[in-house]
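These notes concern the structure reproduced below.
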Amino acid sequence: MTSHLLTTREVRKSYGQFEALRGVSFDVAAGELFGLLGPNGAGKTTLMGVLSGLTDHNAGEVRLFGEVFSRANRESRRRIGLATQELAIYPDLTARENLQFFGKLYGLRGSDLTVRVKEMLATVELTDRADLRAGTFSGGMKRRLNLAVALIHRPDLLLLDEPTTGVDPQSRNHIFEQVRAQNAAGLTVIYTSHYMEEVQSLCPRIAILDHGKILANDTLPNLLRTLDSSAVLTVPKPAAAIDAVRTVAGVISVKVEGDRLRVTAKELPPLLPKLLTAVGEVSALEVQMPTLENVFLSLTGKGLRD
């Protein structure tokens, strides 16, 4: 039986009349790298605030490390690392001083603190910049330091809220590598982003959040199966081939588009040999498989978000 490190049930959070979270429920297993994907304004940052203990929810239940969780659970909160979307580092302090400061807040002292600061500077490749003010760093370097601050106290759960905002490609790849390495070492990670390619690359399981509700929660292959695939076949006489294509088991629909047939199916790849046999002569074939972006847009809509 899977051990759930985190469980949320019907979690709600309101600010006045605005309901930011509207009954959020999901589980995260110990050691999992869990993706939380949503457009701007979906409620991701509010949810991270609730899960980290920065704010209390109004209704529902959060269970963390087997216990009911709220802001008052100081010991549980100390086991969480949070890299916020807004940088939580002091620009007038050096990288080393930032790590020392936050390490002391979490109770690290003496040689343990010194060793841990050295380890984290090396981990995020800032050893050579350790004694420079964080305010002089590039956006990517600040994000890497922000990640080190979240990891300084050896947390059991790492919450990452849009951790690659404003970073260069090299720093982004470095953050990806560190997230994978930390997770491989046993750290449970919740990775929140509106960048689909990031979540798809990193997270075996993905939840899609919008307007304060979880719209889907599954592995990437299962999410992709919620949409149909299509094959576009260019044939000499498409109208004459329709009936033969319809007899292929698994075909959902067939449409004529000029000199082409558009065939829709749930599991398209296994059907391709049968489709080619059914239509006979084919001069061109285009296969269109669903993507995470298609799933995302089908659930959240295509309108622009502020």
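Between L276 and Y195, the FRET efficiency estimated from the beta carbon spacing at R0 = 45 angstrom works out to 0.75. Length gained on full extension, R9 to Y90: 25.6 nm, using 0.36 nm per residue less the C-alpha separation. Legend: calculated FRET efficiency, D243 to D27, from the Cβ-Cβ distance at R0 = 51 Å, rounded to 0.05, equals 0.60. If the segment from A284 to R71 were pulled out straight at 0.36 nm per residue, it would be longer than the present Cα-Cα gap by 70.6 nm. With the convex hull drawn around the C-alpha atoms of segment 229-289, the volume per residue stands at 65 Å³. Cross-link partners for K13 among the lysines, with Cα-Cα distance under 19 Å and sequence neighbours closer than 8 places in the same chain left out: K44, K213. Residues I208, I214, I252, arranged from fewest to most other Cβ atoms within 10 angstrom of their Cβ, appear as I252, I214, I208.
Highest average first, the peptides 235-245, 109-119, 29-39 ordered by how many other beta carbon atoms sit within 10 Å of their residues are 29-39, 235-245, 109-119. With a simple spin-label model that places each label point 7 Å from the Cα along the Cα-to-Cβ direction, the separation between T136 and T291 comes to 4.2 nm.
Here segment 245-306 is treated with +1 on each Lys and Arg Cβ and -1 on each Asp and Glu Cβ, and its dipole about the Cα centre works out to around 200 debye. For K274, the aspartates and glutamates whose Cα comes closer than 17 Å to its Cα, not counting residues fewer than 8 places off in the same chain, are D243, E286.
If you average 1/r across every pair of different Cα atoms in the chain and take the reciprocal, what Kirkwood value do you get, in Å? Final number for the Kirkwood radius of the chain is 21.9 Å.
Given a Förster distance of 51 Å, report the FRET efficiency between V256 and E177 from their Cβ-Cβ distance, rounded to the nearest 0.05. My answer for the efficiency is 0.55.
Label-to-label distance, F18 versus K118, with points set 7 angstrom from Cα along the beta-carbon direction: 4.7 nm. Extension gain, S298 to L227, is 24.7 nm, computed as 0.36 nm per intervening residue step minus the present C-alpha separation. Going by Cα centres, segment 179-210 and segment 226-290 are how many Å apart? Rounded to whole Å, the Cα centres lie 35 Å apart. Every helix of 4 or more DSSP H residues in the chain counts as -39500 (n - 2.57), and over all residues that averages to -10000 deg cm²/dmol at 222 nm.
Semi-axes of the equivalent ellipsoid of segment 189-306 are 35, 14, 12 Å, computed as sqrt(5λ) over the eigenvalues of the C-alpha gyration tensor in descending order.
Coordinate-derived values only; no laboratory data. Keep in mind that what you see is a predicted model, and the values were worked out from it rather than measured. Quick reminder, even Gly has a Cβ in these numbers, built from the backbone with ideal geometry, and neighbours come from all protein chains shown.
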